[in-house]
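The values are calculated or read from the model by the stated rules, or taken from the named source; none is laboratory data. What you see is a predicted model; the values in this text were computed from it and never measured. Quick reminder, even Gly has a Cβ in these numbers, built from the backbone with ideal geometry, and neighbours come from all protein chains shown.
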DNA sequence: CAAACAAATACATATTCATGCTATTGCGGC
DNA sequence: GCCGCAATAGCATGAATATGTATTTGTTTG
C-alpha cells in the first residue's frame, strides 16, 4: 500500500485527488492539508511514502515546504504539482530535492502511474518539464558562448593567471622573459576589456574560459 | 509519418528495431547504420525526425556522433540508447543536446511512445535516467560546501574584489578608509589561505562563495 | 610579395598591492 | 568589569602590476 500525503489549497482539487487515490487499489491518502505550514511535523506523524505538493499555496509555498521537509526527512518522495511549467520553480524544486514535477493537467490515470513510479525510486516528470530540465542542464554547461579570440599563448598565460601565478612565476613557467608576459597580459586585457589581473580572472570564470 | 534514423552496431538489435518501427503505424525507418562515422551527412540526406543513437559503438561513439550532428543540425531529435545508466555518459549526452535517454531494456511498446514523445518536443527518459538527472542537478547546485568563516564585512569586501574593484574603489564604495580595506583584505587572505587578489577571486568562484 | 599578426624582448614610470606593526572603538559573553 | 573580536584607521616599505612605446623574428594569408 502506497501511503500518500497531500498538500493542496483548493478544496475541490484536494477532495478530487483524495477520492481518486483512495479509490485505487494499492494507494491510500493518509492525510490531506490545505497548506504546508506544519509539513515537517505532519510528515513525521503520518509517515507517507509519497507527498503530492502543490507549489502555489497561501502561507508556506510548496518550494519552502519542500525545503522544510527535506531538513528532517531525506527519504520521503516528493512530487511537485503545478499549473505552470515555470522555469524558476522547476529549478528551485529540483535543487531542493524534489523527486518529480507534474502539471496539474496530468490525467488521473497517469497520475497514479507517476505516484507509483516515484514510490519505486523513479523521477516522474510531465513531458514539458522534462524538456525544460534537459534544456536547463545543457544551457548551464554549454555557455562557452563568448569567444574573445585569444591566441594559444594568451590562453596559456590566462590559465596561469587564474591559477594565481605572478608575472615572474609565469615567465619562469613558460620559459619566457617577464616583459613578454607583460605583453601577453596587455593583449589579454584589451581582448577581455578589463584592466586588472583580478578582473581577468573573474571574467575567465564567468565566461567559462577555464 | 515519423521518420526514424537508426545507429546501432549490433546487427540483431538493428534489425529488430527496424522491424519493430517499420511494423508500426505512423513510424518509418529511413535508414539504419552500424556506426555514425558519417552521421552529419546521413542526417542531411535522410532528413529524419528522430534519431536513435546507440552510445557504445566502435569507431565514432554515440556521444561524439551526437556532437557532430549537432554541429550541423539543431532541430532533429536525438534519443540516446544504452545498456548502462552510466553517470558520465548521461551527463555528456545531455550537455550536447540529446533529447532523451533510454535504456536498451526499454520494452518495445514503450519505445514507440518514447519516439513519439521526442518527436513532439518532449524529453523521454528511462526512469532510472531521470532520477540520475535530477540528482546531478541537485548535487551541482548544493555544493556550497566550504565555509571560510568570513565576517559580513569581509564578505562585502570580497564581493567587491570579485567585481574587479581596486582598494581605492572599495574604500569609497564602502565609505571607509583605504587602510581599513587593507585590514579586511589581509584578514580575508588569511582565512582563504591565499596571498593575492586574483587568487582570492579565483577561490571565491571555485568555492561558489559568490 | 606585402600586409597582418603572433610571439618574443626591452625600458620607463606611475599606480596598486602585500605585509608588518600599532591603535581605538564598540559589542557580546563569562 | 575584563576578554576577545570585528571594524575602523594609520604608517612604512618593498614587490607587483598597469601602461606606453618600440624592435625583431617568424607565419599566415590575401
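If you go through segment A:182-196, how many residues are within 14 Å of another protein chain (Cβ to nearest Cβ), more than 6 Å from DNA strand D (Cβ to nearest atom) and in contact with a helix residue (DSSP H, G or I) (Cβ under 7 Å, 6 or more places away or on another chain)?
Counting residues in segment A:182-196 that are within 14 Å of another protein chain (Cβ to nearest Cβ), more than 6 Å from DNA strand D (Cβ to nearest atom) and in contact with a helix residue (DSSP H, G or I) (Cβ under 7 Å, 6 or more places away or on another chain) gives 3.
Report whether or not residue B:54 is farther than 22 Å from residue B:1 by Cα and surrounded by fewer than 19 Cβ atoms within 10 Å (Cβ to Cβ).
Criteria not met by residue B:54.
Name the single residue, out of those in segment B:99-114 being closer than 15 Å to residue B:78 by Cα and within 13 Å of chain A (Cβ to nearest Cβ), that is surrounded by the fewest Cβ atoms within 10 Å (Cβ to Cβ).
Filtering first and then ranking leaves B:113.
Answer with yes or no whether residue A:168 is at pLDDT 90 or above and away from chain B (no Cβ under 11 Å).
For residue A:168, the condition - at pLDDT 90 or above and away from chain B (no Cβ under 11 Å) - is met.
Select from segment B:25-50 the residues that are within 19 Å of residue B:102 (Cα to Cα) and not in a strand (DSSP E or B) and list them in ascending order.
Those that are within 19 Å of residue B:102 (Cα to Cα) and not in a strand (DSSP E or B): B:34, B:35, B:36, B:48, B:49.
Without any contact (Cβ under 8 Å) to a residue 24 or more places away in the chain, surrounded by fewer than 17 Cβ atoms within 10 Å (Cβ to Cβ) and under 25 Å from the mean Cα position of the chain (by Cα): is that true of residue B:22 in this structure?
no
Given the conditions (1) within 16 Å of DNA strand D (Cβ to nearest atom); (2) surrounded by 15 or more Cβ atoms within 10 Å (Cβ to Cβ); (3) at pLDDT 90 or above, report the number of the one that residue A:117 does not fulfil.
(1)
Under 9 Å between Cβ atoms, at least 6 apart or on separate chains: pull out the pairs that start in segment B:163-184 with a residue that is closer than 25 Å to residue A:206 by Cα and end on any residue that is within 7 Å of DNA strand D (Cβ to nearest atom) and part of a loop (DSSP other than H, G, I, E, B).
Here the result reads B:164/A:195; B:164/A:196; B:166/A:196; B:170/B:176; B:171/B:177; B:184/B:151; B:184/B:176, each pair linking segment B:163-184 to a residue that is within 7 Å of DNA strand D (Cβ to nearest atom) and part of a loop (DSSP other than H, G, I, E, B).
Please return the ranges of helices (runs of 4 or more DSSP H) entirely within segment B:86-201 where 3 or more residues are more than 17 Å from the chain's Cα centre (by Cα) and within 16 Å of DNA strand C (Cβ to nearest atom).
B:152-162, B:167-174, B:178-192
Do any residues in segment B:79-92 that are free of Cβ contacts under 8 Å to residues at least 40 places away in the same chain have Cβ atoms under 6 Å from those of residues that are in a strand (DSSP E or B), where the two are at least six apart or on different chains, and which pairs are they?
B:80/B:53; B:80/B:101
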